[in-house]
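Everything on this sheet refers to the single structure shown next.
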Amino acid sequence: MNTRKKLLLLTLVGFPVAPAFSEGQVPSANSVVSPFTGIYVGARAGINDSNFGNGNPSALAGGSTNLIPPQQNYGTAMGLEAGYAWGLGPTVLGLDAYYGLNANGRSGYMSGIQPYGSRDYGLALKFGYPITSTLMPYARLGYGHLTGTLSAAGLSGDTANGGLGVEYLFAPHWSVSAEWNAMSIANNANTMNNNTYTLGVNYYFGSTKSPVH
């Protein structure tokens, strides 16, 4: 076979291969999908560090009397969330809906010790920056509704909230997280400030990449 025929044969064989490379069928480092993306659900539990200021008890339906003075109190905190996260270059952006229940806070009143609590729900953006394939610090910024319960019933309002956290992928699909979140409301001279510190477990439906330790 002469040289001209050899060149023609190589051209015919190589022609269909070139488009395969140009169409991205060979994976690159930039095409790796973060395991912290896709649909996710989570649950969390921990401590609520709360301050309930009762300056106008007549505006409340819970039967509380004036605090003298307002006190800082601790109770349980629980929550659920569900959302979707996108990979944007080296970062992760998530949007989720959340529900929180904070119970067993107590304050000292002139009439004695009265329990109070709260619940909240809303939407939040989650900004994450994975520093390894398994570890992602993140910040949250949201807007929701906070409602007082028990002796704080009648106190409610819409408010922004925010927090910081870190998430660790310990198995395909599964992660654990530690998070601080703050939320406050004030109306009719009554106030509530909640700082929650929680540990959570999350499940990513689209995460198939095994963690590399």
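Derivation of every value follows stated rules applied to the coordinates shown; laboratory data play no part. Every value quoted in this text rests on a predicted model; they were computed, and no experiment measured them. Reconstructed Cβ throughout: ideal geometry from the backbone, glycine too, with neighbour counts over all protein chains shown.
Brief remarks on what is shown
- One way to sum up the overall shape of the range 36-204 is the equivalent ellipsoid from its Cα gyration tensor, whose semi-axes run 34, 14, 12 Å, largest first.
- Ordering of 170-179, 41-50 by burial proxy (mean other Cβ atoms within 10 Å per residue, highest first): 41-50, 170-179
- Computed label-point distance, nm, for sites HIS145 and ILE47 using a 7 Å Cα→Cβ extension: 3.1 nm
- Length released on extending from PHE170 to LEU135, taking residue separation times 0.36 nm less the Cα-Cα span: 11.7 nm
- In range of the label at ALA59: residues from the range 141-164 whose backbone nitrogen is under 20 Å from the point 7 Å along Cα→Cβ: 144-161
- The relative contact order of the range 36-204, computed from alpha carbon pairs under 8 Å that lie at least 6 residues apart in sequence, is 25 percent.
- A simple spin-label model places the labels of ALA97 and ALA186 3.1 nm from each other, with each point 7 Å out along Cα-to-Cβ.
- Each other residue within a Cβ distance under 15 Å of ALA124 adds +1 if Lys or Arg and -1 if Asp or Glu, for a net charge of -3.
- Exposure proxy ranking, count of Cβ atoms within 10 Å, fewest first, for ARG119, ARG140: ARG119, ARG140
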